[in-house]
Amino acid sequence: MAEFIKLNPSDLTVLRQVDERLVSYNVEMTEVTGGTFWKAYTDAQVDGTEEFPLIRDWLREMGKLQQWYAPIETKHPRLIKLAKNLGPAWVRVSGTWANKTYYDFDGRCKGVVPKGFQNLLTKKQWLNLLDFVKAIDGKLLVSIANCPGIHSADEPIPFEQADLLFRTSKEYGVPIAAAEFTNEPNMLEISGLPHGYTAADHARDHDRFGAWLKENYPECLFVGPCTVGDININMGGGDNVGAGIGSFTELVTTAQLLGDYNSKLDVFSYHYYNGISERGAGMGGHWPVEKCLTEEYLQVAGDCARQYVPIKEQFVPGGQMWVTESGDAGCGGNTWAPTYLDVPRTLNELGEFATITDGVIFHNTLASSAYGFLEHGSFLPRPNYFAVLLWNRLMGTTVYDTHEEIREGAHVYCHSRKDGKDGYVYLIINNSKETTLVDLPAEAVRYTLSGSGKLRSRTMLLNGRELKLGPDDMLPEMPGAYESAGTVKLAPGSCTFFVI
């Protein structure tokens with residue numbers, strides 16, 4: 001049965017103001033240095049005509065799931081142009097690779113990775129990254145190396161390498177504006193931390209890092225603890241907890257990682273994925289494609305945020321909450337992540353998160369693996385890029401309670417207008433297989449996103465017109481269509497903005 005929605009601007013109540021950099025993204029350290037990352041899917045796998053082979057012994061057969069990539073071209077004009085057009089954003093350079101990176105800024109290593117590390121970051125690579133951040137009006141968030149090459153588990157972490165990274169960035173004119181201590185520390189050694197490293201060791205070093213930041217770089221926000229999977233979220237239709245991570249390692253909690261918590265955080269952070277991609281399906285937590293528009297699937301992001309809010313209030317009362325890695329699936333994204341089929345999840349995550357708390361969501365990634373906003377190497381935009389581009393052009397920072405229950409076919413969110421004019425912008429996601437009917441109270445400008453001929457489409461339509469780059473990488477025009485007051489039909493699987 002079709003859902004009926006009656007938009008009633010007079011019934012809106014203000015919830016909060018949200019950060020203008022809500023839509024932000026990761027550039028993984030492995031992209032900056034070059035290194036292993038998730039193996040690319042075949043075209044047939046993306047289209048859904050070829051299954052990805054199930055790897056049951058996930059950890060032992062990691063080599064089948066990853067491949068080597070050269071550093072991305074952070075000075076590529078298309079990359080800079082498309083990122084800049086998204087508007088102001090935080091850029092996070094981190095990931096598991098960052099935990100094990102040696103900063104070889106004087107070139108003394110001559111390409112040989114020191115014992116206890118996994119890779120090298122050259123000064124040229126880092127300065128190129130800083131140039132990118134500056135070019136797109138970004139703010140930089142990093143995490144530092146914490147591995148056997150830095151220290152042993154029973155030795156408090158030293159900060160010579162960290163200071164080199166911070167000092168070089170500040171002297172270059174692009175200071176590090178926020179820092180997490182370690183990427184996903186609650187997986188301990190699996191994240192590359194020193195052998196035998198415990199939650200108590202992390203609490204000790206986390207406090208030391210916070211004190212070091214305050215003393216040496218007081219303008220830098222202290223963000224953390226950058227956890228993954230330490231809350232009770234049902235994944236994959238009921239077979240797992242914690243984005244699939246809990247099936248192959250015992251996770252420690254936020255409270256254990258922070259201990260006595262002597263160095264106070266400025267921002268609380270965690271990682272969220274809707275589940276695990278086909279690459280890691282053997283560990284559990286993988287959602288079949290048939291479920292990716294269902295209520296149980298779409299509610300994961302909101303449920304995750306709601307469970308973290310009281311934890312955030314315990315450690316950072318009144319502060320922002322950042323999702324410093326987010327996407328449809330850990331292990332590089334699902335086969336359908338580069339298609340329109342992931343757009344409803346992405347927009348729903350933004351819409352619901354803003355109704356729950358203030359903060360920033362760092363999409364993983366900007367330009368690598370299946371879940372990147374842009375295709376790796378070519379930097380051509382995927383459907384999710386255009387979706388968040390439209391969000392940033394239309395949705396203002398004042399968030400309203402629509403008093404409309406979220407239900408199948410009727411995920412309704414409302415913000416102020418980005419152009420500053422009086423009025424409102426509604427986002428309605430029809431995740432059902434039926435047409436949704438909307439009663440418009442007045443004339444509106446409509447922007448409807450849909451797949452090109454099918455939901456699992458690599459291209460996306462705006463009001464029936466395909467979105468793609470023009471000559472010289474010119475962004476397509478994205479005009480709305482005028483709708484008179486009255487009943488409007490929204491097609492199954494579509495996402496529609498109404499500017500009133």
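If you go through the range 166-197 and keep only what is surrounded by 17 or more Cβ atoms within 10 Å (Cβ to Cβ) and β-branched (Val, Ile, Thr), you end up with Thr168, Val174, Ile176, Thr182.
Taken over the range 40-52, the criterion of being hydrophobic (A, V, I, L, M, F, W, C) and part of a loop (DSSP other than H, G, I, E, B) is satisfied by Ala40, Phe52.
Touching a Leu at 6+ places or on another chain (Cβ under 7 Å), of a type outside the set (A, V, I, L, M, F, W, C) and under 30 Å from Gly302 (Cα atoms): does that describe Gly210? No; evaluated as a whole, the condition is false for this residue. When each of Leu65, Leu7, Leu82 is tested for being touching a residue at least 40 places away in the same chain (Cβ under 8 Å), closer than 30 Å to Glu443 by Cα and surrounded by 12 or more Cβ atoms within 10 Å (Cβ to Cβ), the lone residue that passes is Leu7. In the range 425-442, the residues that are acidic (Asp, Glu) form Cβ pairs under 7 Å with partners that are part of a loop (DSSP other than H, G, I, E, B) and surrounded by fewer than 19 Cβ atoms within 10 Å (Cβ to Cβ), at six or more places apart or across chains, as follows: Glu434/Met1; Glu434/Ala2; Glu434/Pro492. Based on what the data block shows, is Tyr270 buried (at least 23 other Cβ atoms within 10 Å of the Cβ) and modelled with pLDDT of 95 or more? Taking the combined requirement at face value, the residue satisfies it.
Reported count of residues in the range 298-338, each being polar (S, T, N, Q) and within 26 Å of Gly210 (Cα to Cα), is 5. Among the residues of the range 459-500, which ones are crowded, with 19+ Cβ neighbours inside 10 Å and either without any contact (Cβ under 8 Å) to a residue 40 or more places away in the chain or part of a loop (DSSP other than H, G, I, E, B) (or both)? If the condition is that a residue be crowded, with 19+ Cβ neighbours inside 10 Å and either without any contact (Cβ under 8 Å) to a residue 40 or more places away in the chain or part of a loop (DSSP other than H, G, I, E, B) (or both), then Leu461, Leu467, Gly493, Ser494, Ile500 are the ones that fit. Answer yes or no as to whether Glu278 is of a type outside the set (S, T, N, Q), outside the structural domain of Asn431 (by TED's automatic domain parsing), out of contact with any Lys or Arg (no Cβ under 7 Å at 6 or more places or on another chain) and surrounded by fewer than 18 Cβ atoms within 10 Å (Cβ to Cβ). No; evaluated as a whole, the condition is false for this residue. Within the range 53-65, not a single residue is assigned by TED's automatic domain parsing to the domain that holds Pro148, part of a loop (DSSP other than H, G, I, E, B) and modelled with pLDDT of 95 or more. Here Thr96 clears all of (1) more than 21 Å from the chain's Cα centre (by Cα); (2) modelled with pLDDT under 95; (3) closer than 22 Å to Cys220 by Cα except the condition numbered (1).
The values are calculated or read from the model by the stated rules, or taken from the named source; none is laboratory data. Quick caveat, the model's predicted, so the values are computed rather than measured. For neighbour counting, all protein chains shown are included, and Cβ atoms are generated from backbone atoms with ideal geometry for every residue, glycine included.
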